[in-house]
Amino acid sequence: MPRHTFSAVFGAVIARGLDYREVFEVFRAGFDLGVERERRTAAGQPESFGEEDLYADARPCLAVLRAEGLRVGLAGNQTACAEVILRALDLPVDVIGTSDGWGVEKPSVEFFERVVAEAGCPAREVLYIGDRLDNDIRPAQAAGVATALIRRGPWGYILEDPAVEDHCLFHLDSLTELPDLVRKYNEAN
């Protein structure tokens with residue numbers, strides 16, 4: 001499969017608001033992502049990523065927020081393997097939660113209820129940063145959680161929903177902006 005063809009179909013799947021896994025169905029009916037991950041692992045190519053795969057602004061942002069006394073967490077639709085890898089990166093966070101580890105997946109309300117429980121404070125005091133209006137921002141807002149939209153990744157550029165975007169506390173182009181915005185917001189409130 002040429003990469004440009006896959007990328008184009010992936011973009012179309014996103015633009016139509018479908019689950020990203022549906023892109024594989026376009027090319028092979030009955031595709032099972034879990035089975036294929038197991039096959040890759042058995043072939044000596046397990047899921048992996050490292051420090052070089054993080055956005056350059058991620059670690060510094062997390063470190064500043066945590067140094068300012070905030071409870072910082074990572075939570076997303078990831079595999080149990082990804083959770084192990086994230087923990088090994090020794091990121092400056094208090095909580096790491098994945099859909100596999102928690103047994104709930106975004107955009108379900110239960111996922112965001114778990115985020116709030118892990119935060120240890122009322123939902124209105126939690127800020128969830130995401131790049132997806134459909135999977136991150138809209139359901140977090142429905143759970144009473146404040147949100148920040150970061151324009152990054154395909155979803156950050158393809159999806160638009162002004163009604164949801166207008167309810168975001170912050171709109172970010174980079175995580176380097178976040179610590180100052182949070183500090184100023186907390187000082188004013």
Revision key, fill the gap. Of those in the stretch 120-134 that are touching a Gly at 6+ places or on another chain (Cβ under 9 Å) and surrounded by fewer than 21 Cβ atoms within 10 Å (Cβ to Cβ), the residue nearest to Leu18 (Cα to Cα) is Asp134
Check your understanding: What helices (runs of 4 or more DSSP H) completely inside the stretch 120-189 contain at least 3 residues that are hydrophobic (A, V, I, L, M, F, W, C) and on the phi > 0 side of the Ramachandran plot?
Key -> none
Check your understanding: Looking only at the stretch 29-47, which residues are more than 24 Å from the chain's Cα centre (by Cα) and aliphatic (A, V, I, L, M)?
Key -> Ala29, Ala42, Ala43
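Take the residues of the stretch 89-119 that are among the β-branched types (Val, Ile, Thr) and closer than 26 Å to Tyr20 by Cα: which is most open to solvent (accessible area, probe 1.4 Å)?
Going through the stretch 89-119, the residues among the β-branched types (Val, Ile, Thr) turn out to be 93, 95-96, 98, 104, 109, 115-116.
After this cut, where a residue has to be closer than 26 Å to Tyr20 by Cα as well, the list is 95-96, 98, 104, 109, 115-116.
Numbers: Val95: 19, Ile96: 18, Thr98: 1, Val104: 35, Val109: 72, Val115: 19, Val116: 28 Å².
Ranking the candidates gives Val109 first.
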Point to revise | Residue pairs meeting the criteria (Cβ under 8 Å; at least 6 apart or on separate chains; first touching a residue at least 12 places away in the same chain (Cβ under 8 Å), in the stretch 6-19; second open to solvent by 50 Å² or more (accessible area, probe 1.4 Å) and of a type in the set (Phe, Trp, Tyr)) | key: Phe6/Phe27; Val9/Phe27; Phe10/Tyr20; Val13/Tyr20; Ile14/Tyr20
Review point. Among the listed residues Leu65, Leu86, which satisfies the condition of being assigned to a helix (DSSP H, G or I) and either exposed (fewer than 12 other Cβ atoms within 10 Å of the Cβ) or in contact (Cβ under 8 Å) with a residue 60 or more places away in the chain (or both)?
Key: Leu65
Practice item. Give the residue that is nearest to Tyr55 (Cα to Cα), with candidates limited to residues of the stretch 148-181 that are β-branched (Val, Ile, Thr) and over 15 Å from the mean Cα position of the chain (by Cα). Key: Thr176
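Would it be correct to say that Arg3 is over 20 Å from the mean Cα position of the chain (by Cα), open to solvent by 50 Å² or more (accessible area, probe 1.4 Å) and of a type in the set (D, E, K, R)?
Numbers: over 20 Å from the mean Cα position of the chain (by Cα): yes; open to solvent by 50 Å² or more (accessible area, probe 1.4 Å): yes; of a type in the set (D, E, K, R): yes.
It is true that Arg3 is over 20 Å from the mean Cα position of the chain (by Cα), open to solvent by 50 Å² or more (accessible area, probe 1.4 Å) and of a type in the set (D, E, K, R).
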Practice item. Considering only the stretch 96-144, state which residues are aliphatic (A, V, I, L, M) and more than 16 Å from Leu65 (Cβ to Cβ). Key: Val104, Val109, Val116, Ala117, Ala123, Leu133, Ile137, Ala140, Ala142, Ala143
Review point. Is it fair to say Val26 is over 24 Å from the mean Cα position of the chain (by Cα), without any contact (Cβ under 8 Å) to a residue 60 or more places away in the chain, under 29 Å from Glu160 (Cα atoms) and surrounded by 12 or more Cβ atoms within 10 Å (Cβ to Cβ)?
Key: yes
Check your understanding: Would you pick out the residues in the stretch 37-62 that are assigned to a helix (DSSP H, G or I) and touching a residue at least 24 places away in the same chain (Cβ under 8 Å)?
Key -> Arg37, Glu51, Ala58, Arg59, Pro60, Cys61, Leu62
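Can you pull out every residue in the stretch 89-113 that is without any contact (Cβ under 8 Å) to a residue 12 or more places away in the chain and among the hydrophobic types (A, V, I, L, M, F, W, C)? Step through it out loud before you land on a result.
So in the stretch 89-113, the residues without any contact (Cβ under 8 Å) to a residue 12 or more places away in the chain come out as 90, 103-104, 110.
Matches in the stretch 89-113: Val104 only.
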Revision key, fill the gap. Considering residues that are touching a Ser or Thr at 6+ places or on another chain (Cβ under 6 Å) and part of a helix (DSSP H, G or I), the number found within the stretch 89-105 is 1
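The values are calculated or read from the model by the stated rules, or taken from the named source; none is laboratory data. Values in this document were obtained by computation on a predicted structure and should not be read as measured data. Quick reminder, even Gly has a Cβ in these numbers, built from the backbone with ideal geometry, and neighbours come from all protein chains shown. Remember, those area values only see protein heavy atoms, side chains included, never the ligands or the DNA or RNA. Shrake-Rupley method; radii C 1.70, N 1.55, O 1.52, S 1.80 Å.
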